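Presented below is the structure to which this report refers.
The values are calculated or read from the model by the stated rules, or taken from the named source; none is laboratory data. Since the structure is predicted, the reported quantities are computational estimates derived from the model, not experimental observations. We place every Cβ from the backbone using ideal geometry, glycine too, and count neighbours over all the protein chains shown.
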Amino acid sequence: MTSVLIVPGLGGSGAQHWQTHLEQSLPSALRVEQNDWDQPDLASWIERLASAVEALPGSVIVAHSLGCPLVAHFARRHPDLWIGAALLVAPADVDSARHTPEHVRGFAPIPLLRLAFRSIVVASTDDPYIGAARARELAQAWGAGFVDAGASGHINTAAGFGPWPAGERIVRSLLSEYRPHGPFATDWPIASAKAAR
């Protein structure tokens with residue numbers, strides 16, 4: 001069974017967050033825990049993720065917010081470790097002082113290299129932590145499919161996202177389309193679909 005690695009962002013994901021509901025609904029899901037969710041350190045966060053991927057090669061990663069640039073940094077630093085696919089939800093624009101707080105600036109600059117695994121970015125049009133055009137720019141740079149979630153805030157608990165059926169469907173689609181070491185594509189049918197709640 002393909003493992004799913006849950007990669008939260010700043011502050012972790014609380015009991016009502018969609019990542020927590022997803023973790024509870026998928027028997028193969030495991031959360032990547034960090035030493036300090038409130039004071040993120042890029043090097044230590046990368047190593048925690050690397051340890052998880054090394055233990056569960058070929059996993060599908062499900063990242064939110066600061067977890068998205070973390071995955072991009074991880075992919076650049078550890079091209080030898082095998083990720084099966086990734087869902088990158090509401091990436092935090094750590095390059096922007098206008099959108100993100102100072103204590104995440106250690107994650108800048110966000111790597112803009114094409115990811116060597118199948119990936120999908122889901123972003124909203126009114127996310128306070130990233131502009132819509134910037135989210136599309138990241139998806140394009142990463143070679144990822146793009147899902148427009150409409151006006152959905154930061155796609156977190158504060159924006160009304162507890163259980164998130166649309167997100168779970170995307171994860172299950174990634175799992176069902178999973179091809180170990182196979183070619184990846186970005187022209188998925190869901191790439192232009194709205195991510196409804």
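Remarks
- From the list Gly131, Gly182, Gly143, the lone residue that is at pLDDT below 95, under 24 Å from Arg76 (Cβ atoms) and not β-branched (Val, Ile, Thr) is Gly182.
- Residues located in segment 57-113, provided they are surrounded by fewer than 16 Cβ atoms within 10 Å (Cβ to Cβ) and of a type in the set (S, T, N, Q): Ser96
- When segment 142-170 is filtered for residues that are aliphatic (A, V, I, L, M) and surrounded by fewer than 16 Cβ atoms within 10 Å (Cβ to Cβ), the ones remaining, listed by number, are Ala151, Ala158.
- You will find that of Pro8, Pro27, the residue that is surrounded by fewer than 16 Cβ atoms within 10 Å (Cβ to Cβ) and free of Cβ contacts under 8 Å to residues at least 60 places away in the same chain is Pro27 and no other.
- Considering segment 77-122, and only residues there that are over 15 Å from the mean Cα position of the chain (by Cα) and not in a loop (DSSP other than H, G, I, E, B), the residue that is farthest from Phe161 (Cα to Cα) turns out to be Arg77.
- Of all residues assigned to segment 155-170, at least one qualifies as being within 18 Å of Leu22 (Cα to Cα), among the charged types (D, E, K, R), more than 14 Å from the chain's Cα centre (by Cα) and at pLDDT 95 or above.
- Checking each residue in segment 38-52 for being surrounded by fewer than 18 Cβ atoms within 10 Å (Cβ to Cβ) and under 15 Å from His64 (Cβ atoms) picks out no residue at all.
- Among (1) under 15 Å from the mean Cα position of the chain (by Cα); (2) part of a loop (DSSP other than H, G, I, E, B) - the single one Asp36 does not satisfy: (1)
- For Asn35, the criteria (1) of a type outside the set (D, E, K, R); (2) buried (at least 24 other Cβ atoms within 10 Å of the Cβ); (3) in contact with a helix residue (DSSP H, G or I) (Cβ under 8 Å, 6 or more places away or on another chain) hold in every case but one, which is (2).
- Some residue of segment 8-19 being under 21 Å from Phe107 (Cβ atoms), in contact with an Asp or Glu (Cβ under 8 Å, 6 or more places away or on another chain), modelled with pLDDT of 95 or more and not in a loop (DSSP other than H, G, I, E, B): no
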